[in-house]
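**Student:** First the structure, then my questions, so here it is.
Each reported figure results from applying straightforward, stated rules to the coordinates on display, with no laboratory input. What you see is a predicted model, and the numbers here were worked out from it, not measured in a lab. In this analysis, Cβ positions are derived from the backbone assuming ideal geometry, glycine residues included, and neighbour counts consider all displayed protein chains.
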Amino acid sequence: MATMLNQMAVRPLSDALGAEVSGIDVSKIDDPTFRELRDIFHDRLVLVVKDQDLSPADQTAFARRFGEIQYHISPEYLMKDQPEVMILSNEKEDGKFIGLPDGGSEWHSDHSYVDQPTGYTVLHAIKVPRDGGDTEWTSMVRAYDSLSDDMKRRLGGLIGTHSFNRLKNSRLTVPVRHGNDPDYYKRSPPDSYHPVVRTHPATGRKALYMSPRFTIGIKDMDDVAARSLLDELFAHINNRAFVYRHRWTVGDLLLWDNRATIHLACGGVPEGQHRRMHRTTVLGEIPF
Ligand SMILES: [Fe+2]
């Protein structure tokens, strides 16, 4: 196969993170092009690959080039004949949502509540609403780099507690659709514990690893002190200089590195407009 490397065009999307890639078909790229793409991805943390016409099987095969597929803990919205792909959508069939309608509405890193969280997420835009539905990413490398030396020292060796269970997180409310279902949170996996400052296995760069959605405390620190420290860090992270905001176009294939970014579904899709995304996640390493 001829290399696609010389057809690939790359441009940065914001100062902090993100790169747009065009001129390639990810279902056909050769190994040198893939390695180049992965290096750019590790450097920029979010990749927008334009104009991809991919079947769920193509998307799965591409995701597998980054590592082992991670299956979502909730089987409800996995594609029947391609369970590596989860549907995110506000569309309904026979009165029922065909996909997860409201995922990601608080800042988070995917699956940080398990011992071996997601490394990469791959999201393909199938239907895009005219209004709303944007997604934002924050560079947790920038967030870490811009901390004071004193704060960096304070965080050294600290371990964050991550929980799927909303009932344990005073920053959150419980969505109406789960509020009357006491069994829903019994399905929560046990809490997991990860370094507050994480090292990227490919680049060696350090990043804050925490989020308002999943990080509920600091191991071996009392709740008041942990709350105060997390409040301070979340205020620091909440900085537009660290953010890339994406306005979706059909055919966009977004890849993000969950070790060094958090993301947010911005919502705001009006009733009657449809959004459908296909999501595949790739297992990461145990954070260190
Ligand atoms: Fe997510």
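**Student:** For every other residue with a beta carbon closer than 12 angstrom to the beta carbon of THR280, add +1 if it is Lys or Arg and -1 if Asp or Glu, then tell me the sum.
**Tutor:** -1
**Student:** Sequence neighbours fewer than 8 away in the same chain don't count; with that in mind, list the lysines whose C-alpha is under 24 Å from LYS206.
**Tutor:** Once the sequence-local lysines are set aside, what remains near LYS206 is LYS152, LYS219.
**Student:** Once amide H atoms are placed 1.01 Å from N in the peptide plane, what residues at a sequence separation of 5 or more from GLU20, or on another chain, have their amide H within under 5 Å of its amide H?
**Tutor:** Those lying under 5 Å, H to H, from GLU20 are ARG11, LEU13, VAL48.
**Student:** Sticking with this one: Kindly list the residues of segment 125-162 that lie in the label zone of ARG65, defined by a backbone N under 15 Å from the point 7 Å along the Cα-to-C-beta vector.
**Tutor:** Zone members listed by number: none at all.
**Student:** May I pose another question? Give me a comma-separated list of calculated 3J(HN,Hα) values for segment 85-94, in order, Karplus coefficients 6.51, -1.76, 1.60 applied at θ = phi - 60°, integers in Hz, x for any Gly or Pro.
**Tutor:** Computed from phi, the couplings for segment 85-94 are 10, 9, 8, 10, 6, 9, 7, 10, 10, 6 Hz.
**Student:** Using the number of other C-beta atoms within 10 angstrom as an exposure proxy, rank HIS72, HIS274 with the fewest first.
**Tutor:** Lowest count first: HIS274, HIS72.
**Student:** Continuing with the same structure: With r defined as the distance between the Cβ atoms of LYS152 and ARG35 and R0 fixed at 22 Å, what FRET efficiency is calculated, to the nearest 0.05?
**Tutor:** Details: r = 32 Å, r/R0 = 1.46.
Efficiency computed from Cβ-Cβ geometry: 0.10.
**Student:** Stretched out fully, how many nm does the piece from ASP53 to ASP183 gain, at 0.36 nm a residue minus the Cα gap?
**Tutor:** 42.9 nm
**Student:** Another one. Quick one: if you stick a label point 7 Å off each Cα along the C-beta vector at ASN6 and GLU93, how many nm between them?
**Tutor:** 4.6
**Student:** Further question: Charges on Cβ only, +1 for Lys and Arg, -1 for Asp and Glu, centred on the Cα centroid of segment 245-288; of ALA260, PHE288, PRO270, which one is farthest towards the dipole's positive end?
**Tutor:** Value: PRO270.
**Student:** Wrap a convex hull around the Cα atoms of segment 78-207, take a quarter of its surface area, and give that in square nanometres.
**Tutor:** One quarter of the hull surface, i.e. the mean projection, equals 11.1 nm².
**Student:** Sorting TRP137, TRP107 on the 10 Å Cβ count, fewest up front, what's the list?
**Tutor:** Details: TRP137 26, TRP107 20.
So the residues, fewest neighbours to most, are TRP107, TRP137.
**Student:** While we're on this one: What shape does the chain take by its C-alpha gyration tensor, where a ≥ b ≥ c are the square roots of the eigenvalues and a/c under 1.5 counts as rounded, a/b above b/c as prolate, and the rest as oblate?
**Tutor:** Oblate is the answer for the chain, as a/c is 1.5 or above yet b/c matches or exceeds a/b.
**Student:** Also, I was wondering about something else. Starting from the Cα gyration tensor of segment 232-288, take the square roots of the eigenvalues, sort them a ≥ b ≥ c, and report rounded, prolate or oblate (rounded when a/c is under 1.5, otherwise prolate if a/b is larger than b/c, else oblate).
**Tutor:** Here segment 232-288 falls in the oblate category.
**Student:** Also: Please arrange MET210, MET79 by counting, for each residue, the other beta carbons lying within 10 Å of its beta carbon, fewest first.
**Tutor:** With the sparsest Cβ surroundings first, the list reads MET79, MET210.
**Student:** Another question, then. Among the lysines, which fall within straight-line cross-link reach of LYS96, defined as a Cα-Cα distance under 30 Å, with same-chain neighbours fewer than 8 residues apart omitted?
**Tutor:** Leaving aside lysines fewer than 8 places away in the same chain, those within reach of LYS96 are LYS80, LYS127, LYS168, LYS186.
**Student:** Could you tell me what percent of the DSSP beta bridges with both partners in segment 1-98 are antiparallel, to the nearest 5?
**Tutor:** About 75 percent, rounded to the nearest 5.
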